[in-house]
Amino acid sequence: MNEAPDFDERKLWHLIDVKEFKKAIVFLEDGSITTEHKTAAVNFKDGSNRTTLMRATYHHAEVKLIKRLCEIGGKEFIMATDGDGYNALQRNALHVACLHAQPNLEVIKILIAGGGFKLLLQQDKDSNTPLHLACEASYGGCDTKATVEVVNFLIKKGGKDLAEKEANNNDNPNPTSLAIKNNFPLETSRFTP
């Protein structure tokens, strides 16, 4: 195996962190970099245990990059959370994607396709599922149309299982009350198990 003596598994993380998405895609498609090195770079986590996928989702990376990270990383990588440490929120990439002021439905579909149904049900340390976080998108600059599309998509994908999981988070509101509070034009009857 050809070992690149100067290979740095942090390179991909750095490219994503400085929003050099096209360079990150070129890195992942570079035939001179071994599969092992690409996998190590994709699976790199920062000091807060966040994955490259979480970082790319946070920075609104191009859909092509998100898709490639998911392909290389696999289901466990997509399901990964930022851990159990003191400051960890125990969120996965779908949690991060649903928190955006301008969520990308295509990215959310890719994450769910790769992570499966259980990704929808994962709760963070405050018992929030991605649906809770999407319904809480009430901060400044929120793209209400995109957020409503995401929320309705999550409800449609999650069905009764998601509604049952969504009974309450640690602060007690359920998604229906959050949606009403934020004036989202949702089909809130879909929340009812």
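The values are calculated or read from the model by the stated rules, or taken from the named source; none is laboratory data. All values derive from a computational prediction rather than experimental measurement. Reconstructed Cβ throughout: ideal geometry from the backbone, glycine too, with neighbour counts over all protein chains shown.
Return the residue satisfying two criteria in turn: it lies in segment 2-34 and is within 18 Å of Leu65 (Cα to Cα), in a loop (DSSP other than H, G, I, E, B) and of a type in the set (A, V, I, L, M, F, W, C), and of such residues it is modelled with the lowest pLDDT. Among residues in segment 2-34 that are within 18 Å of Leu65 (Cα to Cα), in a loop (DSSP other than H, G, I, E, B) and of a type in the set (A, V, I, L, M, F, W, C), the one modelled with the lowest pLDDT is Ile33. Entry remark, segment 115-131: residues being more than 12 Å from the chain's Cα centre (by Cα) and part of a helix (DSSP H, G or I) number 3 in total.
When segment 94-111 is filtered for residues that are part of a helix (DSSP H, G or I) and more than 9 Å from the chain's Cα centre (by Cα), the ones remaining, listed by number, are Leu105, Glu106, Lys109, Ile110. Just to be sure before I move on: is Arg68 basic (Lys, Arg) and farther than 29 Å from Ser127 by Cβ in the structure I sent? Against the criterion (basic (Lys, Arg) and farther than 29 Å from Ser127 by Cβ), Arg68 qualifies.
Going by the conditions given, is Leu89 touching a residue at least 24 places away in the same chain (Cβ under 8 Å), over 20 Å from Lys145 (Cβ atoms), of a type in the set (A, V, I, L, M, F, W, C) and touching a Pro at 6+ places or on another chain (Cβ under 8 Å)? Against the criterion (touching a residue at least 24 places away in the same chain (Cβ under 8 Å), over 20 Å from Lys145 (Cβ atoms), of a type in the set (A, V, I, L, M, F, W, C) and touching a Pro at 6+ places or on another chain (Cβ under 8 Å)), Leu89 does not qualify. For segment 14-60, residues that are among the aromatic types (Phe, Trp, Tyr) and free of Cβ contacts under 8 Å to residues at least 24 places away in the same chain total 1. Candidates in segment 92-121 are the residues that are within 11 Å of Val150 (Cβ to Cβ) and free of Cβ contacts under 8 Å to residues at least 40 places away in the same chain; of these, the one that is surrounded by the fewest Cβ atoms within 10 Å (Cβ to Cβ) is Leu99.
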